[in-house]
Every structure is written in C-alpha cells, then in structure tokens.
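Colleague: Below you will find the structure I want to go over with you.
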Amino acid sequence: MVYFKDIYGNKDLVRHFQTALRTGNVSHAYLLSGEQGSGKNMLANAFTAALLCDEGGIEPCGRCRSCIQFASGNHPDVFRITHEKTVISVDDIRSQLNANVVIKPYSSEHKVFIVDEAELMNEAAQNALLKTLEEPPEYVVILLLAESEDMLLPTIRSRCVRLNTKPLPPDVIVKYLTTNHGLPDYLASTAAVYSGGNLGNAVEFATSQEASDERTAILSLLRNLDDYSIPELAEAVKLPQAEREAALDLIMIWLRDLLVFKSTGKAKKLVLQDEAPYIERASHVRSFEAIYDAVKAVHEARSRLKSNVNPDIVMEILILALKER
Ligand SMILES: [Zn+2]
C-alpha cells in the first residue's frame, strides 16, 4: 500500500490531492506529468486508495475492505488501461475505458481509471478518450500519467487538472539514505546520482543484494577494462535487458569520476569512493578527449538499445569504446 506520508518529494502535489480528499472537491480528470521515476505512480496509487477507502480520510486506512482489495491489485472499481507494445490504440480506450465508464461503481462511490504512459495514446485514442472527458459520469475519476503533457492534445489537457511531478534533488536522496537506511555517504551519493531522482530506485540500488552483485560485476569489469582481452570483454557485457540499463548508468558515473579525477586530482570528490585507486589509474592513461568520446559512446549505446539492433553487439561496441586506445 502506498501512503501519502511515505512520498518524500512532490509535497505540493500531495497537498493538492489531500485537499481534494478533505473537501470532496475531486475532479473527473487529472493529468500527472513528469519524467519516469518522478513519483507519478506513487501519487496516483495513494490518491486512488484514499479516494476509495471506506474510512474516507486523506490517507488510505490500509485496513478496510477497499484498502485490502486495492493493495492486492484486485479492486473492482480500479481499472488500469493495458496495451500492446508501444502504442495505446483507439480500441484500447474504447473497450477498456469508454465502454466501462457507463457501468456504475461496484462497491465504492468512485470508479477510477489509470492510464499510465498516456503519451502513448495515438491521436485516434486521444479523441476517443475526449468523448468521455467531455461528459464523464459523476462517479468517474481518470488519472492520466505522462512523461510530458506536450504529447497530449490541447483538448485533452484543457479538461484535466494538470499537475507536474519533479524528481528529488540528489542531496535530499542522500539525506534520506543516510538517515533512514544508515548508508555511508559515498554509497548514498552513488545511489542518488544513479537513481536520477527516483527514491525507489535509489533505495533499491543501495540496499538490494542483487543490485549490489550486479554493481560489483560491472565495477570489476571496469577495473580490468584495460587488461581484459576483447573476447573476454564481449562475454562480460552479455547482460539481461534489466541489467543493461543499470550497467550504462553505472558506467556514466564511472566516466564522470574519471573526469573529476583527471581535472581535480582529488579522490575525495569521487562518487565511487571504493574505486579510487582504479579510477586514478584509468584516468592517467586516458586523454580528456578519450573520456568525452566514451561518454558519447554511452549515449549512442542508449539510443541504439532502443532501436532494433542486437543488444549484445551494442554493448560490445560500447565496451571497446571505453577501453584505453
Ligand atoms: Zn481503507
């Protein structure tokens, strides 16, 4: 169960939703926009659970029938729009939303529809949604979550309460991890940089054994980058998809540290404190230009991974670009 009190950032948005809950002045449509990991889903879930909660407070109670159903993912009055691949089609909106809004809620006063990645709705889908937004039944609440509201039609935007989520600043994440999880500063800083302002990712990065093992494997690869043969490197970067992204993030932090060391000569400014001796060595044998090229190679790898290129080949090209020349 997600509670508003557990949401660390986006305080103004929490206040907005809780005021709506307190006064009963709930809108039919909200558009939550902000980059991935900036807390859109947490806010949408806390709001939905509180809105449907039998206790009717500004937080979900966590104990009533509605809260228990919500936490189990089986609330009969909550609908999450699903879709295939990279587009939300007009059929998705018609069959899952438009056809469903006309049916009264099963057990609550409201019926909530959550459209995650709403920017994936094509124009036909958005126009279909518009029909419902123009005359929503009184019990309906629609939550659109989008990376950027610019990708939605102005006619959609104008019918929603528009709220913007923001990622947490790194120092807030560092403070949270050091005080709530007792982490050392260097690990908290690494997690903050790595997470891009997403507290959940930061906690996962800093505390899970699996993430820690993956990190160790990548750091060990980077330590030995200049000693390993090309086939050895190619083998080492054959990673499952979920680990690839994390590996790229970590490589970026490593390159940032190489630049910091090369320009300041100071180990205490590094994010990856434990790696200082290796970073020092790697930064000595590389020119600034080589490091900048490596940064560019990471960006290129990221965009190639989004296209249809064989990911193992993308990673192999990247690791060769990182190697000393
Ligand atoms: Zn409840």
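The values are calculated or read from the model by the stated rules, or taken from the named source; none is laboratory data. Note that the structure is predicted; figures quoted are calculated from it, not measured. Cβ: placed from backbone, ideal geometry, glycine included. Neighbour counts: every protein chain shown.
Colleague: Under 25 Å from Leu163 (Cα atoms), assigned by TED's automatic domain parsing to the domain that holds Leu21 and within 16 Å of the ligand (Cβ to nearest atom): is that true of Ala44 in this structure?
Modeller: No.
Colleague: Give just the number: which of (1) of a type in the set (D, E, K, R); (2) more than 13 Å from the ligand (Cβ to nearest atom); (3) touching a residue at least 12 places away in the same chain (Cβ under 8 Å); (4) more than 24 Å from Thr132 (Cβ to Cβ) does Asp54 not satisfy?
Modeller: Only one criterion in (1) of a type in the set (D, E, K, R); (2) more than 13 Å from the ligand (Cβ to nearest atom); (3) touching a residue at least 12 places away in the same chain (Cβ under 8 Å); (4) more than 24 Å from Thr132 (Cβ to Cβ) is unmet by Asp54, namely (2).
Colleague: Any residue at all in segment 92-111 that's closer than 30 Å to Asn308 by Cβ, in contact with an Asp or Glu (Cβ under 9 Å, 6 or more places away or on another chain) and not hydroxyl-bearing (Ser, Thr, Tyr)?
Modeller: yes
Colleague: Residues of segment 59-69 being closer than 25 Å to Arg15 by Cβ and either near the ligand (Cβ under 8 Å from one of its atoms) or surrounded by fewer than 17 Cβ atoms within 10 Å (Cβ to Cβ) (or both), which ones?
Modeller: Pro60, Cys61, Gly62, Arg63, Cys64, Ser66, Cys67
Colleague: Next question, about the same structure. Quick one: Val271 ticks every box in (1) part of a helix (DSSP H, G or I); (2) aliphatic (A, V, I, L, M); (3) out of contact with any Leu (no Cβ under 7 Å at 6 or more places or on another chain) bar one, so which box is it?
Modeller: (1)
Colleague: Let me ask you something else. Filter segment 131-167 down to residues that are among the polar types (S, T, N, Q) and at pLDDT below 95 and give me whichever is surrounded by the most Cβ atoms within 10 Å (Cβ to Cβ).
Modeller: The qualifying residue surrounded by the most Cβ atoms within 10 Å (Cβ to Cβ) is Thr165.
Colleague: Within the bounds of segment 144-159, is there any residue that is among the aliphatic types (A, V, I, L, M) and either touching a Cys at 6+ places or on another chain (Cβ under 8 Å) or assigned by TED's automatic domain parsing to the domain that holds Ala297 (or both)?
Modeller: Yes, segment 144-159 has at least one match.
Colleague: Whether any residue in segment 155-162 is farther than 21 Å from Asp91 by Cβ and aliphatic (A, V, I, L, M) is what I want to check.
Modeller: yes
Colleague: Consider segment 273-306. How many of its residues are of a type in the set (Asp, Glu) and touching a Phe, Trp or Tyr at 6+ places or on another chain (Cβ under 9 Å)?
Modeller: Total satisfying the criteria: 3.
Colleague: Now for a separate question. Could you tell me whether any residue of segment 229-236 is among the aliphatic types (A, V, I, L, M) and either free of Cβ contacts under 8 Å to residues at least 60 places away in the same chain or in a loop (DSSP other than H, G, I, E, B) (or both)?
Modeller: Within segment 229-236, not a single residue is among the aliphatic types (A, V, I, L, M) and either free of Cβ contacts under 8 Å to residues at least 60 places away in the same chain or in a loop (DSSP other than H, G, I, E, B) (or both).
Colleague: Output the number of the condition that Arg80 fails; it satisfies all remaining conditions of (1) within 12 Å of the ligand (Cβ to nearest atom); (2) without any contact (Cβ under 8 Å) to a residue 40 or more places away in the chain.
Modeller: With (1) within 12 Å of the ligand (Cβ to nearest atom); (2) without any contact (Cβ under 8 Å) to a residue 40 or more places away in the chain applied to Arg80, the lone miss is (1).
Colleague: So, one more: Here are some residues: Glu214, Glu289, Glu245. Which one is at pLDDT 90 or above, assigned by TED's automatic domain parsing to the domain that holds Asp312, part of a helix (DSSP H, G or I) and not hydrophobic (A, V, I, L, M, F, W, C)?
Modeller: Only one candidate passes the filter, namely Glu289.
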